[in-house]
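A short worksheet on the structure shown next.
The values are calculated or read from the model by the stated rules, or taken from the named source; none is laboratory data. Just so we're clear, the structure is a prediction, and the values are computed from it rather than from any experiment. Here the Cβ positions follow ideal geometry from the backbone for every residue, glycine too, while neighbour counts run over all protein chains shown. Accessible surface areas use protein heavy atoms only, side chains included; no ligands, DNA or RNA. Shrake-Rupley method; radii C 1.70, N 1.55, O 1.52, S 1.80 Å.
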Amino acid sequence: MSLAHCTLAKECAFCVVAHALSTEKQEVMGLLFGRWDGPQAFIEEAHPLARTDRRADRVEVKPEQLAKAASIAESRGLRIVGWYHSHPRFVAQPSVTDIENQRQYQTLFEDDAKDGPAPFVGLIVGTYDQAATGPRSVFRYFHVAPPRDDVRAGDAVLPMALRAQVRSYK
């Protein structure tokens, strides 16, 4: 299944922004819980995670954290459909590290893919971006495409933007 669109519950958006605004000195990270319907992701909950890497511009987690989060999602009738992290002081565009992390998550969750890139949403939240035109957070959704067949092994994957909507669920 190729990911084409994601819908984010407004309560989830609020949680992600609150987590991102909790610090302007380092990146934060969490997982996104939800469900799939064909090529669309419906993101219903955010699950903040504790960082294991103390460098301000890195967000790494332990495998045990992922396993526990998967269990929590399943107990709520959901699954892990993506991850989010903040860019506290710079534009909400995927860095080379973000693209590699996204590729690794998509590989980890590739059993869910029927065709095309594994369906796993990457979300970057820009909070204190000094280039922003006003006091608002910027959400940038992305996933990565595998290299074309004619590209040599080890070549970079390509980031792809996703269309998204914020919705409320009743």
Within region 4-17, residues open to solvent by 50 Å² or more (accessible area, probe 1.4 Å) and not charged (D, E, K, R) come out as PHE14
Condition first: open to solvent by 50 Å² or more (accessible area, probe 1.4 Å), at pLDDT 90 or above and assigned to a helix (DSSP H, G or I). Now tell me which residues in region 56-89 satisfy that. GLU64, ALA67, LYS68, SER71, GLU74, SER75
Only one residue in LEU123, LEU162 is modelled with pLDDT under 85 and either open to solvent by 70 Å² or more (accessible area, probe 1.4 Å) or under 28 Å from ALA67 (Cα atoms) (or both), so which one is that? LEU162
Evaluation of ILE99 against (1) modelled with pLDDT under 85; (2) over 18 Å from HIS47 (Cα atoms); (3) open to solvent by 20 Å² or more (accessible area, probe 1.4 Å) (one fails), failing number: (1)
From the list TYR128, TYR169, which one is out of contact with any strand residue (DSSP E or B) (no Cβ under 7 Å at 6 or more places or on another chain), modelled with pLDDT under 85, open to solvent by 40 Å² or more (accessible area, probe 1.4 Å) and not basic (Lys, Arg)? TYR128
Of the residues in region 1-44, those that are within 17 Å of ARG89 (Cβ to Cβ) and of a type in the set (S, T, N, Q) come to SER22, THR23, GLN26
Yes or no: ALA92 in a helix (DSSP H, G or I) and either surrounded by 15 or more Cβ atoms within 10 Å (Cβ to Cβ) or out of contact with any Leu (no Cβ under 8 Å at 6 or more places or on another chain) (or both)? no
